[in-house]
Amino acid sequence: MKSLSKKVANKTSSNQWILVWCAVVLQSFVFLPAKANEQNLSYSQLIEKIKTEQVSEILLDPITNRAIVTLNNEKQPREVYLFQQNNSELISLMRQKNLDFGVSSSVSDVEPVRVMGNIFLLLLFLGALVMLFRRAANASGQAMNFGKSRARFHMEAKTGITFQDVAGIEEAKEELQEVVTFLKQPEKFTSVGAKIPRGVLLVGPPGTGKTLMAKAIAGEAGVPFFSISGSEFVEMFVGVGASRVRDLFKKAKENAPCLIFIDEIDAVGRQRGTGIGGGNDEREQTLNQLLTEMDGFERNTGIIVIAATNRMDVLDTALLRPGRFDRRITIDNPDFKERLAILEVHAQNKKIAPEVSLEAIARRTPGFSGADLANLLNEAAIFTGRRRKLEITMTEINDAVDRVIAGMEGTPLVDSKSKRLIAYHELGHAIVATLMPGHYPLEKVTLIPRGQAKGLTWYTPDEEMYLMSRSQLLAQITSTLGGRAAEEVIFGEDEVTTGAAQDIQQVTSIAGPMVTQFGMSDLGPIFLEESKETVFLGGDWGKRSEHSEEIASRIDVQVRSIVKNCYKSAKQIITENRDLIDYLVDILIEKETIAGDEFRRLIAEYQENKPKILTLG
Ligand code: ADP
Ligand code: MG
Ligand code: ZN
C-alpha cells in the first residue's frame, strides 16, 4: 500500500509545473471551479462495488474526506465523498475483502494547482506594477540627464532587403547602384582619384519607397543600416538633438563601412533663421551639428548618408552644397507600368486567383503610391480571409480599392425620402459625366455609403492624366455640379441639401487654378498665383498676397463665371433627361449599385425605345 500512495504522489509532482502553467493560462479565461467529477460514485455504490469485488485500489484522503477509487475495468480513478474520517464500516469491509488501500496527503489534483496559479497571478500583477513604477521614474529621470542623450537611432546589421524588393523606380535604382559600389568597392573610385559623395538626398511624396530604397542599398552592399528620423532629433531640450547627431556619427564610424539614413530631414534641415521669434535654437544647433559631422568625416571612410524628404524647397541651402547632400534623386508616385511592377512584387507572397489581372488593378489606381498599393493587396487578403475564401479574387481587390480610396463601407440607408434624394444626386453626377463629351468614363454609381459619403459616383481615368484640356476640366466641373443640379431640378431650389459641400469645394479647386495658373480665362495667360509661399514662418504658414485687390476681384469674377456656366449646363442636361433619370432612379434604389457598363447600356436601351414610346403616346 505504500507503493500505491507514492505512485499517485509522483504523478502529481511530475506534471505539477505543466498543470500550474495550464491553470494560469486557463484561469484568466474560465476560472477553474472545484467541480466534482461526473464520474463520482456515491457511498452506497462504493460499498456495493467493494462487496461485488469490482474495486482494485482505494486511496483515502483525510483532508477532503474522499476516497479515490480505481475500479477493475477502468483506468481513470473515481472520487467518493465519505461521511467521516474513521469510517469503520468501510475499513472493515476493505480488510475483509483484502483490498489494497492507502492514505494520501494530497489535497486534490486540482487544489494545489489552483492555489499556485493564484499566487502566480498575484506575482505577475506585482511585477507589472513594479515595472510601471520604474518606467514612470525613468521618464521623469530623463529630464535630469538629457545631456547624455540616450541614443535614439536604430541599427540593423542586415536589412535583408535587395533591389528586387523595390519595383518601378528604375532610374533611381540605376543611380543608386553606384552608391552600392561606393560602399562595397571604394577602391574602384579612389584609385582613379574620384571623391566618393557623402550624401544622397531622396526627394518624393510619402510612401514612394524612399526608406525601402535606402534599406535595399544597405542590403545590396551588405553593410549595417543606421536610421533615425528627423523628428527624433527635435526634443524639448536644447542640445539633445545635437548630441544625438554626434552619437549617431560616432557609432557609424565604429561600424564603417555603413549607411546612415535620416528620414524626414526637413524636420531639422529647414532654412535657418526663419522660425518664429528669430529661429528655433534647438533645430539650428542640431542642423549645425549635422553639417559639422558631414564635413568632419573624411571622404572615403565608407560612410554614406542618405536622407529623405518630401519637400526639398524648405531645406537649408547649406545642406545642398557640394560635399553634403550633393546628389539628389527624385522619386515620384508610380505611373501605370511602375504600379504594375510594384503590384507584382507584392503579389508574390499572396494567393491570388489566376483570373485576377494585376494590369486592371494598376489601371484603376492612378495616384496610388507604392505603400498604397502594398496596403491595397493586404486589405484584399484580409477581405479574403474574412470571407473564408482560399484565393484573392477580383471582388476582394475591387472592394479593397474602394476602401483605400473612400474609406469603410457603411450600411445602406433604408428606402426613404433621403435615400431617394441621394439617388437623384448621384445620378446627376453619373448622367452628366456620361453625356458630356470629354469626361472620363463612369466606373460605377452606388448608394452604399463609404467614409463620409452617403453615396458615391466613381470614374475610371483611362490614362495617366498628365495634361488636361480646357474642355476636360470644364466637363469635370460640370459633372461635379451635376449632383446639386439634380437636387435643384427635381426637388426645387428650396430643397437642396448640404450633401453637395464636398462637390462645391472640389469645383473651386479646379476653377481657381484654371484662372490663376493655367491661363484659361478671359484674363489671359498670366500667372496670377494667389499667394506666394515664403519661408517667413518656416515655410508653412506665411502666405502673403502677391497681387492687388483689383486683380483679386477680377479673378473672382472669372472663377464665378466658369462655375456659373458649368452649373447652367449641368441643369440643362438634367432637365432634358428628366424622364431618363426618373427611370434610372428606381433601378438604382433597388440595386444600390450600377456598374459603368450597365449604366451605359441602360441609357442606350432607353434612348432606343424612347421614340417608340413617343409615337405610341
Ligand atoms: P517612404 O519612405 O517613401 O515614405 P516606404 O519606403 O516607407 O516609403 O514605403 C512603405 C512601403 O510601401 C514599403 O515597405 C513597401 O512595402 C511599399 N513600397 C513603396 N514603394 C515601393 C516600391 N517601389 N516597390 C515595392 N514596394 C514599395
Ligand atoms: Mg519613409
Ligand atoms: Zn455629389
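In the set Phe527, Phe518, only one residue is of a type in the set (Phe, Trp, Tyr), at pLDDT 85 or above and either open to solvent by 80 Å² or more (accessible area, probe 1.4 Å) or in contact with a Gly (Cβ under 9 Å, 6 or more places away or on another chain) (or both); that residue is Phe518. Restricting attention to segment 155-203 and to residues that are among the polar types (S, T, N, Q), outside any loop (DSSP other than H, G, I, E, B) and within 20 Å of Pro334 (Cα to Cα), the residue that is least open to solvent (accessible area, probe 1.4 Å) turns out to be Gln177. Among the residues of segment 211-226, the ones that are within 14 Å of ligand 1 (Cβ to nearest atom) and open to solvent by 20 Å² or more (accessible area, probe 1.4 Å) come to 4 in all. Kindly indicate the residue of segment 329-340 that is near ligand 1 (Cβ under 10 Å from one of its atoms) and more than 21 Å from the chain's Cα centre (by Cα) and also least open to solvent (accessible area, probe 1.4 Å) among those meeting that condition. So the residue we want is Ile331.
Restricting attention to segment 558-574 and to residues that are surrounded by fewer than 14 Cβ atoms within 10 Å (Cβ to Cβ) and over 41 Å from the mean Cα position of the chain (by Cα), the residue that is nearest to Gly512 (Cα to Cα) turns out to be Asn565.
Among the residues of this structure, Val223 does not count as one that is touching a strand residue (DSSP E or B) at 6+ places or on another chain (Cβ under 6 Å) and within 14 Å of ligand 2 (Cβ to nearest atom).
Taking the residues in segment 437-447 that are of a type outside the set (D, E, K, R) and either open to solvent by less than 40 Å² (accessible area, probe 1.4 Å) or within 13 Å of ligand 3 (Cβ to nearest atom) (or both) as candidates, determine which candidate is modelled with the lowest pLDDT. Going through the qualifying residues, I end up with His439. Hey, can you tell me all the residues within segment 382-403 that are closer than 20 Å to Gln348 by Cβ and part of a helix (DSSP H, G or I)? Within segment 382-403, Ile382, Phe383, Thr384, Gly385, Met394, Glu396, Ile397, Ala400, Val401 meet the criteria.
From the list Ala406, Ala430, Ala486, which one is small (Gly, Ala, Ser), closer than 27 Å to Phe368 by Cα and within 11 Å of ligand 3 (Cβ to nearest atom)? Give the steps one after another, and end with the answer.
Working: Ala406 fails: within 11 Å of ligand 3 (Cβ to nearest atom); Ala486 fails: closer than 27 Å to Phe368 by Cα.
Exactly one residue qualifies, and that residue is Ala430.
The values are calculated or read from the model by the stated rules, or taken from the named source; none is laboratory data. The structure displayed is predicted, hence computed values, not measured ones. Neighbour counts run over all protein chains shown; Cβ positions are idealised from the backbone, glycine included. All accessible areas refer to the heavy atoms of the entire protein, side chains included, with ligands and DNA or RNA removed. Shrake-Rupley method; radii C 1.70, N 1.55, O 1.52, S 1.80 Å.
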